[in-house]
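Notes for the one structure printed next.
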Amino acid sequence: MFDDVRDLYNQTILTRGRAPQHMHRLAAFDASAKGDNPMCGDRVEVWLKYAEDGAIAETGYLARGCEISVVSADLMVEAVQGQSPADTKALFTAFRTLVQTGECPDCTPALAPLQPLSAVHKYASRVKCATLPWLALLAALDGVNPSKPASSE
Amino acid sequence: MTDLARIRADFPILNETVRGKKLVFLDSAASAQKPRPVIDAMVHAMEHQYANIHRGLHWMSERTTDAYEAARDAAAGLLNARDRHEIIFTRNSTEAMNLMAHSFGRGMLKPGQAVVISAMEHHSNIIPWQMLRDAHGIELRVAPITDAGELDMPAFTALLADGKVGLVAITHMSNVLGTYTPAERITQIAHARGAKVMFDGSQAIVHRRIDVQAIDADFYCFTGHKLYGPTGIGVLWGRRELLDAMPPFMGGGDMISSVSYERSTWAEVPHKFEAGTPAIIEGIGLKAAIDYVQAIGYDAIAAHEAALTDHALARLSAIEGITIIGRAQDRGGVVSFTLDRAHAHDIATLLDRQGIAVRAGHHCAEPLMRRLGLDSTARASFGIYTTPDEIDALADTLTKIREFFA
Ligand SMILES: Cc1ncc(COP(=O)(O)O)c(C=O)c1O
């Protein structure tokens with residue numbers, strides 16, 4: 001019945017959705033922020049730990065939301081591992097283009113873990129689900145006050 | 001309803017397909033579809049009978065004024081208002097409740113007095129009172145609900161005990177739980193404590209005959225687009241003596257009786273509350289919608305929707321993993337639910353691929369969601385054109401969605 005949604009709900013998404021790999025809070029962290037999609041009630045909180053060179057050493061998150069927002073957060077943790085803040089921001093820009101258009105002109109190998117979400121662009125109302133955890137991550141990188149959630153775009 | 005097929009034939013949009021599938025529209029509580037007579041009335045106005053109203057001395061203006069004012073009579077009839085001047089046109093329910101918070105809240109309530117709302121309000125019946133609280137020193141009290149999703153009457157009564165409550169502003173039917181609140185008991189209890197009562201009838205008016213005199217309400221509001229009418233037009237009904245005493249809401253043309261730089265005086269109700277050129281074409285459309293609903297009749301509507309709701313509750317309850325949110329005794333055609341294996345958004349996306357439109361999210365009722373311990377629900381809601389087959393399609397698809405996420 002749902003063959004036509006297998007692009008969005010592909011095997012990676014379904015498997016991750018059932019058993020996210022990185023959904024946990026960091027006991028010790030350097031930065032954190034919340035993301036909140038007021039339109040639909042998805043919520044995510046992200047914690048970051050930096051390495052000595054300023055790169056992302058560890059990321060944890062807790063999310064309450066749909067399959068797409070949870071899996072996006074889970075894949076994001078892998079994608080940003082070891083990246084500098086500047087590279088992380090560039091990665092998000094490329095990822096956003098991917099989920100908005102399905103195309104990825106500036107694709108770097110770093111984007112590979114996020115490819116399972118590429119069909120999101122066919123589901124306009126779900127793009128915000130995929131970008132929400134990233135907006136929280138960027139807010140944490142920018143040191144935005146954690147009590148004021150980053151809003152979805 | 002015996003002539004369900006005939007009713008469906010009145011709604012052109014129901015013939016549409018969505019991605020090659022027949023549209024199954026189960027989102028009428030967000031906004032209802034429009035029958036041919038509403039569409040025709042609005043097109044007719046624009047093609048044959050349109051000018052600004054209450055201003056021109058020419059034929060077109062007079063005829064258009066008559067058509068627009070006929071909507072006021074229709075709304076007065078719909079609510080069984082005593083006086084047609086008690087009908088104020090607004091943009092929607094939201095504007096009606098903002099008008100209330102401004103003109104009744106600031107005009108009639110004194111700092112230190114309280115407003116009571118319930119724990120199952122739409123944001124539009126929360127935020128205006130919060131703004132009033134912060135600007136005008138009004139206390140905001142929230143009457144709790146039971147786990148079944150009904151107004152907790154002993155707690156509600158207790159909230160009014162100190163006599164400080166000037167207004168109860170409460171939904172007549174929850175857009176999330178489907179619960180009707182007991183309007184007559186609410187007005188009895190409130191009036192005994194000196195409080196006035198405003199009902200948010202945005203949902204209730206769609207499903208039930210409303211008689212504002214019989215329920216002894218002081219104010220009642222609804223929004224046209226949920227009642228098969230156009231967007232951009234809503235109604236606030238209020239008792240004449242209260243409306244007369246209240247200051248205006250917005251200032252501008254049409255709401256004055258005389259203007260000078262020193263001092264202006266206000267027009268009589270309802271015009272005092274209707275500043276500027278109103279939604280003329282939408283008003284004409286609303287009249288057509290009211291006429292349409294009344295021609296079908298609330299007895300038939302209520303019977304049809306009660307049968308649909310029973311059918312939906314039975315079918316959805318039988319699906320493993322589904323939890324129905326809200327188990328009120330007295331309820332209307334709105335059914336919220338969660339599914340153990342899938343989030344409401346994922347459900348909505350998969351249903352949409354089968355042409356089935358439902359709402360997913362917090363339904364503009366975040367505090368209620370928090371009370372229920374949920375972030376979101378999926379919601380199916382029914383209208384006069386909904387068929388049992390459509391509910392079966394929903395139930396069958398939900399069963400398959402649960403398998404999909406196995
Ligand atoms: C119970 C209730 N109150 C108020 C509203 C607000 O209606 P509107 O957006 O037309 O002002 C709605 C609908 O969204 C509703 O369901």
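Quick notes on this structure:
- The listed residue being part of a strand (DSSP E or B) and either within 14 Å of chain B (Cβ to nearest Cβ) or surrounded by 17 or more Cβ atoms within 10 Å (Cβ to Cβ) (or both), out of A:Val120, A:Val46, A:Val71: A:Val46
- Pair list, Cβ under 7 Å, 6 or more apart: region B:1-26 residue closer than 18 Å to B:Ala289 by Cβ, other residue modelled with pLDDT of 95 or more and open to solvent by 60 Å² or more (accessible area, probe 1.4 Å): B:Asp10/B:Arg36; B:Pro12/B:Arg36
The rows are residues; the columns are (1) free of Cβ contacts under 8 Å to residues at least 12 places away in the same chain; (2) part of a loop (DSSP other than H, G, I, E, B); (3) more than 20 Å from B:Ile205 (Cα to Cα).
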position: B:Leu78; (1), (2), (3): no, no, no
position: B:Arg82; (1), (2), (3): no, yes, no
position: B:Phe89; (1), (2), (3): no, no, no
position: B:Met97; (1), (2), (3): no, no, no
position: B:Trp129; (1), (2), (3): no, no, yes
position: B:Leu140; (1), (2), (3): no, no, yes
position: B:Ala158; (1), (2), (3): yes, no, yes
position: B:Val168; (1), (2), (3): no, no, no
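- Subset of region B:103-131 (residues that are within 16 Å of the ligand (Cβ to nearest atom), of a type in the set (Ser, Thr, Tyr) and open to solvent by less than 10 Å² (accessible area, probe 1.4 Å)): B:Ser118
- Selection status of B:Ile205, closer than 23 Å to B:Arg379 by Cα, within 11 Å of the ligand (Cβ to nearest atom) and touching a residue at least 60 places away in the same chain (Cβ under 8 Å): yes
- Answer residue from region B:345-357, given it is open to solvent by 10 Å² or more (accessible area, probe 1.4 Å) and in contact (Cβ under 8 Å) with a residue 12 or more places away in the chain and is farthest from the other protein chains (Cβ to nearest Cβ) among those: B:Ala357
- Residues satisfying the stated conditions in region B:63-102, i.e. among the β-branched types (Val, Ile, Thr), over 21 Å from B:His225 (Cβ atoms) and open to solvent by less than 10 Å² (accessible area, probe 1.4 Å): B:Thr64
- Filtered residue count, region A:12-34, keeping only those that are loosely packed, with under 15 Cβ neighbours inside 10 Å and within 12 Å of chain B (Cβ to nearest Cβ): 2
- The sole residue among B:Leu26, B:Leu79, B:Leu14 that is of a type in the set (A, V, I, L, M, F, W, C) and in the same structural domain as B:Thr223 (by TED's automatic domain parsing) is B:Leu79.
The values are calculated or read from the model by the stated rules, or taken from the named source; none is laboratory data. Owing to the predicted nature of the structure, the values given are computational and were not obtained by experimental measurement. Cβ: placed from backbone, ideal geometry, glycine included. Neighbour counts: every protein chain shown. Calculation scope for accessible area: heavy atoms of the full protein, side chains included, ligands and nucleic acids excluded. Shrake-Rupley method; radii C 1.70, N 1.55, O 1.52, S 1.80 Å.
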